[in-house]
1. Counting pairwise Cα distances across the protein assembly as shown, what percent come out greater than 27 angstrom?
2. How large is ³J(HN,Hα) for each residue in the range B:22-29, as worked out from phi by the Karplus curve 6.51 cos²θ - 1.76 cosθ + 1.60 (θ = phi - 60°), to whole Hz, x for Gly and Pro?
3. Taking only Cα atoms, what is the 0 to 90° angle, nearest 10, from helix A:55-73's long axis to the longest principal axis of chain A?
4. Going by Cα centres, the range B:80-113 and the range A:1-49 are how many Å apart?
5. What list of ³J(HN,Hα) couplings, whole Hz, do you get for the range B:103-120 from phi and the Karplus terms 6.51, -1.76, 1.60, once you set θ to phi - 60° and write x for glycine and proline?
6. Can you pull out the trypsin sites (Lys or Arg not before Pro) in the range B:78-142 that DSSP calls coil and that have at most 10 other Cβ atoms within 10 Å?
7. With everything on Cα atoms, drop me the angle between helix A:26-39 and the longest principal axis of chain A, reported from 0 to 90° to the nearest 10.
8. Summing +1 for each Lys or Arg and -1 for each Asp or Glu, what net charge is found among the other residues whose Cβ lies under 10 Å from the Cβ of B:TYR51?
Amino acid sequence: MKIPPLVMYLRIKEPEESGIRLWIPLFLLWLFVIFLLALFLPLVVLLALISVHVPEIRRVFIFAGIIYEIIFSLRELSVDVEGEHQVFILKFM
Amino acid sequence: MGDERTRILNMLKEGKITVDEAEELLSALEGQGGGKELSALSPDSAKKLKYFHVIVEPESGNGKKDRVNIKIPIAIIRAGVKMTNLLPEDARDKINGAFREKGLGMTLDDIKEENIEDFIEALRDMTIDVEADNKRVKIFCE
């Protein structure tokens, strides 16, 4: 089963500054997205039915599918750049 | 179970798997009580590529702290390839033109979903390990 990233960790440190260190709870965002999807489900189903005859709408659905795939594959992406006095860390967990 | 042990040992003998992989497969086989088919435990499926790594680190004793460690899930590459199918025609032309300008003998049309698995599999054998300017750059997949 694919699991989307649940937490994003971002750390940026500039020279002579304490920088920022953020833990972003993405799982709250997914809960919101699920709520929105449930709310608009009838509309989505209607658009899906129309998309059979309208290629533009079909492309939107394909695009949404790819975005979904990219978001799910972000899990475990890690960028860690460390300099003498600068640090940039981005992690999806 | 005996047959499957023999097949693992033969794969080791033929150099298809390493000693560590053979050990892993044998212990998995013992753990399964031989109930699972060897095909499910083959090194290909056990070692499916998952990440693309870019590592830049100073040579030991250098004293510098500059380092880069990037781990990209291969799944992003797969999704990215699918994304190319949605590019508008004029954008595709521009990208193909840029490929030609840079001397790359390929177009976006050559990157297809059915080819991507071969491409990713080819990455398995790719390891770049360069030492220059007191830094070591490693690019590999695991």
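Since every read-out is calculated from the coordinates, none of them should be taken as a lab result. Because the structure is a prediction, the values reported are computed rather than measured. Methodologically, a virtual Cβ is constructed for each residue, glycine included, from the backbone with ideal geometry; neighbour enumeration extends over all protein chains shown.
1. Tail of the P(r) past 27 Å holds 59 percent of the pairs.
2. With coefficients 6.51, -1.76 and 1.60, one gets 5, 4, 4, 5, 5, 5, 5, 5 Hz.
3. Value to nearest ten degrees: 30.
4. When both Cα centres are located, 30 Å separates them.
5. Result, ordered by residue: x, 7, x, 8, 10, 4, 5, 6, 8, 10, 4, 6, 8, 5, 5, 5, 4, 5 Hz.
6. B:LYS102
7. The angle comes out near 10 degrees.
8. 0
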